[in-house]
Amino acid sequence: MSNDREIFIEVRNLHQRFGRHRVLRGVNLEIYRGETLCILGGSGGGKSVLIKHLCGLMRPWKGSVVVEGEDITDLPERALGTVRRKVSMMFQGGALFDSFTVGQNIAFPLREAGLRDQKEINARVSRALEIVRMPGQEKKMPADLSGGMRKRVALARAVVEMPLCVLYDEPHAGLDPITSDSIDHLIKDLEIDHKITNVVITHELRSVFRIADRIAFMKEGVIYWSGTAEELAASKDPELVNFVQGRAENRGEWDQGTPRIDTSE
Ligand SMILES: Nc1ncnc2c1ncn2[C@@H]1O[C@H](COP(=O)(O)OP(=O)(O)O)[C@@H](O)[C@H]1O
Ligand SMILES: [Mg+2]
């Protein structure tokens, strides 16, 4: 993480609801340029909803989101395209098109953005595959890939436009520990080699302790706590202790973890 602590995204008193169900109840959060921030919290707590606001995929009911000093809250859809090239999302589950090749999947955002030069598209797809350590695999079909490789292709698609920030919605879900480790390496490489700001929703504490510069813990629609991994480990707050111990007991994350079978293949 860079030391200068320049704010890259600022979430101000963000509220969101679905009908009468109030999911976000005043989220305040600063995301610093070049950091890896992990978002933790119970299932259904609003983590996915929160990060969809960071790239303009959802609009606040109340409050605002500021990206690089620009308030994106009321931007017209047209202008949000520019925001999404800066702040890119790796979706939960990868969300690949099964009838497209790997290359076509990765090229999709470029085509959406209006790029037509096939040479340029090929070059960018090839570079994205190099970044996720799958060089030359353009012609493969998603169905032929392991769960871990599908995640990498999803990540390649998220970085093909060379964003400044990548949002990851549970990138470790369904992966065995070794494959999770390789995703962690890619996330950290993006931070270190490409100066990308990472915002990672995950339940894998092992990963959190490896990759997080900072952690934000969500509860009841607000950021209940934020701090470093050391601060989380040392915290006596029963809420945090419960969460950490619960995860550790259920999944064995504090030791190296008993290898789990990758059921996503
Ligand atoms: N598009 C939607 N329409 C209605 N309810 C939604 C929608 N998206 C999320 N929710 C609800 O908002 C709550 C928070 O969801 P989510 O952000 O996905 O939780 P998390 O990612 O923390 O598990 C859940 O109760 C979920 O059912
Ligand atoms: Mg979610």
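Bear in mind these aren't lab numbers, they're just calculated from the coordinates by the rules spelled out. These numbers were taken from a predicted model, which means no experiment stands behind them. As a convention, Cβ positions derive from the backbone with ideal geometry for all residues, glycine included, and neighbour counts pool all protein chains shown.
When every Cα-Cα distance of the range 194-238 is counted in 5 angstrom steps from zero, the calculated P(r) takes the values 5, 19, 29, 27, 14, 4, 1, 0 percent. Full extension of the segment from Gln118 to Phe18, taken as 0.36 nm per residue of separation minus the current Cα-Cα distance, would add 31.8 nm.
The relative contact order of the chain comes to 24 percent, based on Cα pairs under 8 Å that sit 6 or more residues apart. List, in the order given, every pair from Lys140/Lys188; Lys195/Lys219; Lys47/Lys86; Lys62/Lys151 whose Cα-Cα distance in the structure shown is over 28 Å. The answer is Lys195/Lys219; Lys62/Lys151. Couplings 3J(HN,Hα) for the range 200-216, derived from phi with the Karplus relation 6.51 cos²θ - 1.76 cosθ + 1.60 (θ = phi - 60°), are 10, 8, 7, 9, 7, 5, 4, 5, 4, 5, 8, 10, 6, 7, 8, 10, 10 Hz, where x marks Gly and Pro.
When the convex hull of its Cα atoms is viewed from all sides, the range 1-116 shows a mean projected area of 9.3 nm². Net length available on complete extension from Ala143 to Glu6 is 45.2 nm, with 0.36 nm assigned per residue and the Cα-Cα distance removed. The overall shape of the range 128-174 is oblate: from the C-alpha gyration tensor, with semi-axes ordered a ≥ b ≥ c, the ratio a/c is 1.5 or greater and a/b is no larger than b/c.
Look at Met58, Met90, Met162 and count the other Cβ atoms within 10 Å of each Cβ; fewest to most, that gives Met162, Met58, Met90.
So if we plug the beta-carbon distance of Asn242 and Trp61 into 1/(1 + (r/R0)^6) with R0 = 25 Å, what FRET efficiency do we get, rounded to 0.05? Step by step, r from the Cβ atoms, then E = 0.25. Percent of C-alpha pairs per 5 Å bin in the range 58-110, short distances first: 4, 15, 22, 19, 15, 13, 8, 3, 0.
Comparing the chain with the 2.2 N^0.38 Å rule of thumb, its C-alpha radius of gyration ratio is 0.99 (two decimals).
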